[in-house]
1. Which of V215, A116, S132 sits farthest toward the positive end of the charge dipole of segment 92-226, with +1 on the Cβ of Lys and Arg and -1 on the Cβ of Asp and Glu?
2. Specify which labelled value, from [x] -0.43, -0.87, -1.01; [y] -0.50, -0.85, -0.96; [z] -0.56, -1.04, -1.14, agrees with log10 I(q)/I(0) by the Debye sum over Cα atoms at q = 0.10, 0.14, 0.15 Å⁻¹ derived from the coordinates of the model shown.
3. Roughly how many debye, to the nearest 20, is the charge dipole of the chain about its Cα centre, given +1 on each Lys and Arg Cβ, -1 on each Asp and Glu Cβ, and no other charges?
4. Which whole DSSP H helices in the chain pass both tests: a Cα extent of 30 Å or more along the axis and a mean Kyte-Doolittle value no lower than -1.0?
5. For each pair in K81/K108; K60/K131; K60/K81, compute the distance between the two Cα atoms and list the pairs where it is over 25 Å.
6. Assigning unit charges at the beta carbon (Lys, Arg +1; Asp, Glu -1) and nothing else, what dipole magnitude in debye, to the nearest 20, does segment 99-226 show about its Cα centre?
7. How large is the accessible surface of V215 in square angstrom, using a 1.4 angstrom probe and rounding to the nearest 10?
8. Round to a whole angstrom and tell me the spacing of the C-alpha centers of segment 168-226 and segment 83-111.
Amino acid sequence: ASSAAQSEKAEQCVLTEIDRESRILSSWDPASEFSQWFRTRDDAVRVSPELFEVLSLFDKWRGLTHGALDASAEAITRVWKRAAAEHRLPTQIELNAAVAGVHQVHWKLDAVHGTATHTSDTPLAMNSFVKSYIAGRAAEMALGTSGAQGLVVNIGGDLVIRGDWSEPVEVADPKSDAENGAPIERLLIRDRAVATSGDYRRGVEIGGRHYSHIVDPRTGLPAGEI
């Protein structure tokens, strides 16, 4: 930015937009628009453009990833967490039931009327997609209103770089014993987003073995490779 005032205006714009969209899209806030919509069933509810777009994008990327990205993966995550709390592995019956829940149709969209109909009782969580969606929208909003020329939005290590700016990003080595170990790669990012996720940070411990928090909604199994 060319002044501190521009910089501060961009920062405030980003934070305000993150708060606004979180109130719409959060899976964890029971008062969010998404949570209120989730509590409906078989009703065509007129939803905000943001929620409609995110549901549409989930449909798109579920297809492009052949089912690897799916909001209903939360059903499988809950099975693993419950089993870990009971100090056991999930049974195949539990996993099969969760995968069957994933395969259901969870919503139907009507673009003409701007409505979304919630059609299943399978748990849904939008976090696999929504965090980067909100970060990108907040960055674009700030660039458009603050006068700043370029910015970086960092939400928990997920980075969005927009405008006239390049940001060096070091990617942690997942096999390193130390958090300050040498990075596995260095990237120079411009007008792009970059995010990583790995089983070495989060997950559950069962019988002395670590299982990733990243699950494959097509099989019900945690990711076993880096």
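The values are calculated or read from the model by the stated rules, or taken from the named source; none is laboratory data. The shown structure was predicted, so the numbers you read here are calculated from the model rather than taken from an experiment. Please note: Cβ atoms are built from the backbone with ideal geometry, for glycine as well, and neighbour counts cover all protein chains shown. What goes into the accessible areas is simple: the full protein's heavy atoms, side chains included, and nothing from ligands, DNA or RNA. Shrake-Rupley method; radii C 1.70, N 1.55, O 1.52, S 1.80 Å.
1. Result: A116.
2. Computed from the coordinates, log10 I(q)/I(0) by the Debye sum over Cα atoms at q = 0.10, 0.14, 0.15 Å⁻¹ corresponds to [z].
3. 380 debye
4. Numbers: long enough: 4-25 (31 Å, -0.50).
Once both thresholds are applied, what remains is 4-25.
5. Flagged as over cut-off: K81/K108; K60/K81.
6. Values: 12 positive and 16 negative charges, 52 e Å.
Result for segment 99-226 is approximately 240 debye, rounded to the nearest 20.
7. Only protein atoms counted, so the area is about 20 Å².
8. Taking the Cα centre of segment 83-111 as reference, the centre of segment 168-226 is 23 Å away.
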